[in-house]
Every structure is written in C-alpha cells, then in structure tokens.
Amino acid sequence: MGLSVERCTCAGDFRLFDCRTVLSGEILMTTNSYLQIIFYVATLLVLAKPLGWYMARVYEGESVGLNRLLAPVERLIYRLSGVNPNEEMRWMDYAIGLLIFNLLGVLAVFAL
C-alpha cells in the first residue's frame with residue numbers, strides 16, 4: 001500500500017491526500033496527535049518526582065535499590081574500559097572519551 005498522489009484540480013499542483021490550500025498559521029493536527037502530546041506530558045509529570053528522587057540519591061552517593069543488582073555490572077565495565085572510579089577525569093580524557101563514544105554511535109547507526 002503506497003501513498004497515492006493525485007492531480008489536484010483546485011490548486012493545480014500535486015498534493016498528498018488533501019486538495020485544500022493551507023492557510024498561513026493553520027495548525028493541522030489530528031486527534032491522535034493531541035492524544036500523543038497529552039500522553040507525553042502526563043508521562044513526564046508522573047515520572048518527574050521519582051526520577052528526581054533517584055537522581056538526588058545517586059548524586060549524593062546514597063544507596064539506591066538498584067545498587068545490589070547493577071554494582072557488579074558497573075565494576076565490570078570499569079575494569080574492561082580501564083577506568084578508576086575513584087579518580088577524576090581530566091578534560092582531555094573526557095574529550096577523547098566523548099569523541100570515541102560518538103564515533104561508535106555513528107558506526108552503530110550506519111551498521112543498522
């Protein structure tokens with residue numbers, strides 16, 4: 001099922017689905033678009049408090065429920081990448097890590 005492009009008789013050009021002219025400032029949104037926006041905003045509002053609580057505890061170094069499950073994975077990643085979690089990163093190390101991470105992301109996207 002492809003998109004049907006028909007010759008529009010009202011404007012004299014090719015348009016998809018609709019033959020009417022679009023007025024300046026007119027918002028063309030469907031009910032589904034409005035529902036998606038409402039769902040997105042509601043999800044943000046519902047998750048803001050728990051996520052803020054979680055992030056505050058992580059940044060303060062307090063224990064979070066996921067520590068027991070994810071701490072071994074975190075230590076393994078640190079060991080494999082040669083990172084010392086007790087040592088600050090210099091700006092050059094951070095910049096190189098950022099560039100490598102972005103390069104791997106670009107390669108992953110092109111591999112798809």
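The values are calculated or read from the model by the stated rules, or taken from the named source; none is laboratory data. Keep in mind that this is a model prediction, so the values were computed, not measured. When we count neighbours, we look across all protein chains shown, and the Cβ atoms used for this are built from the backbone with ideal geometry, even at glycine.
If you go through region 52-63 and keep only what is within 16 Å of Pro85 (Cβ to Cβ) and surrounded by 12 or more Cβ atoms within 10 Å (Cβ to Cβ), you end up with just Val58. Note down all Cβ pairs under 9 Å where the first residue falls in region 92-112 and is at positive phi, the second is at pLDDT below 95 and of a type in the set (Ser, Thr, Tyr), and they're at least six residues apart or on different chains. Pairs found: none. Checked against the criteria, Val5 counts as of a type outside the set (S, T, N, Q), in contact with a strand residue (DSSP E or B) (Cβ under 6 Å, 6 or more places away or on another chain), surrounded by 10 or more Cβ atoms within 10 Å (Cβ to Cβ) and modelled with pLDDT under 90.
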